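Following: one structure in structure tokens, then a few remarks.
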Amino acid sequence: MSRREKGTGGMAALWMQRWCIVLAGFFLSVMIPYMSTLLWSGQVAVRNGELSYSGDLVVAEGKEMDAENFLILVLARQIDGSAPPGAKEAQAVAARTNLYKTMEEAQCNQADDLGIEYDSLSEMKNRWGEEFSQIYQSYEDAVSATAGEVLTCDGQLIDALFHKASAGNTRTMGEEYPWLVSVESDDQLCDGYLTVTDFSPEKFAEAVNAVDGARQVSAEEIAGKIQIINRADGAYVTAVQVDQQIFSGEEMAAALQLNSTAFSFEADSERVRVICTGIGHGWGLSQTGAARMAEEGKSRQEILGYYYPGTEVTEKY
């Protein structure tokens, strides 16, 4: 082959290489935004441990984000970062269920209007410091592992209530909520499970009188005027009489700033002692119990089935 023929062949190869680079660049410039749009809109679901996208948007802090991304922020507010993966996954299913049920009922996707509490990234970074990336990843893993999973009863999304720690068992809500029934839950190892608070007769009366201006009690000889007149599911107070006034368990717990409605009194002329067990309202999933079950090797499906009996885990998308 002559030198001229070699030169011509080299030029042809060089032009072919340049065209390949141009075509590759064009393909990437078109396909990358396209694939990004598909991922954001939910038409492509990323599996194998990566976050999936639902295509349902939530507006939080003035920004639109996919519901799955938003759930990470919700989980950060709802459950402690030290919770085992199985407990986080169970909480993620409950959180997703509540999010979709609330959005469907309100016909709205504005987080603040929905009343859904969540942590911003800046709040998470301030709280966790150097551990931010690791803890954030644990929440993302829980959302990813449960992609699209929600709880239903008779084909309808449930109110997936939850609390920090029950007072030995969870509570029954009523016939309209067949999945909210009392089950045993040994949560005594939870920090803050047991609290004991002493009030002077005057401070106790002051706190109770702040509930309602029409229901006033006297601090005089108050030790003999306090009586729990009804409980539900064992420990949870539903009605208290002080002097001649009746208060609900929720009203009394709020007035005395108690962790739950599972409380009792020990009173004398010097002080009113209030002994309280559990943290939260007591309905539905106990996060402490869920953590214990997860540490025992129970799956999220087993945890959810225990605390929400009669429900099914179904796919939302």
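The values are calculated or read from the model by the stated rules, or taken from the named source; none is laboratory data. Remember, it's a predicted structure, so these values are computed and weren't measured experimentally. Here the Cβ positions follow ideal geometry from the backbone for every residue, glycine too, while neighbour counts run over all protein chains shown. Accessible surface areas use protein heavy atoms only, side chains included; no ligands, DNA or RNA. Shrake-Rupley method; radii C 1.70, N 1.55, O 1.52, S 1.80 Å.
Structure notes:
- Averaged per residue, the stretch 187-317 has 49 square angstrom of accessible surface, using a 1.4 angstrom probe with ligands and nucleic acids left out.
- Pairs over the 25 Å Cα-Cα cut-off, from the set LYS101/LYS298; LYS63/LYS316; LYS164/LYS225; LYS63/LYS164; LYS63/LYS101; LYS203/LYS225: LYS101/LYS298; LYS164/LYS225; LYS63/LYS164.
- Annotation: amide H of LYS316 within the under-5 Å range of GLU149, VAL150, sequence separation 5 or more or interchain, hydrogens built in the peptide plane.
- Residue-wise HN-Hα coupling along the stretch 175-191, computed from phi with Karplus coefficients 6.51, -1.76, 1.60 (Hz; x: Gly, Pro): 4, 6, 10, x, 8, 9, 10, 6, 10, 5, 8, 7, 10, 5, 7, 5, 4
- Note on the stretch 59-172: with charges restricted to the Cβ of Lys and Arg (+1) and Asp and Glu (-1), its dipole about the Cα centre is near 380 debye.
- Backbone phi angles across the stretch 119-130, fed through the Karplus curve with coefficients 6.51, -1.76 and 1.60 (θ = phi - 60°), yield HN-Hα couplings of 9, 7, 4, 5, 5, 5, 5, 5, 6, 9, x, 5 Hz in residue order; Gly and Pro are listed as x.
- Rolling a 1.4 Å probe across the protein heavy atoms gives the stretch 74-144 an accessible surface of 48 Å² per residue.
- Comparing Cα centroids, the stretch 51-104 and the stretch 180-200 end up 27 angstrom apart.
- Per-peptide average of other Cβ atoms within 10 Å, ordering 82-93, 131-142 highest first: 82-93, 131-142
- Amide H contacts under 5 Å for ALA267: ARG273, restricted to partners 5 or more places along the chain or on a different chain, H placed in the peptide plane at 1.01 Å from N.
- Under a 5 Å amide H cut-off, with hydrogens placed 1.01 Å from N, ASP56 pairs with ALA67 among residues at least 5 apart or on other chains.
- To put it simply, the accessible area of the stretch 169-313 at a 1.4 Å probe is 46 percent carbon and sulfur.
- Dipole magnitude of the stretch 225-275, debye to nearest 20 (Cβ charges: Lys/Arg +1, Asp/Glu -1, about Cα centre): 40 debye
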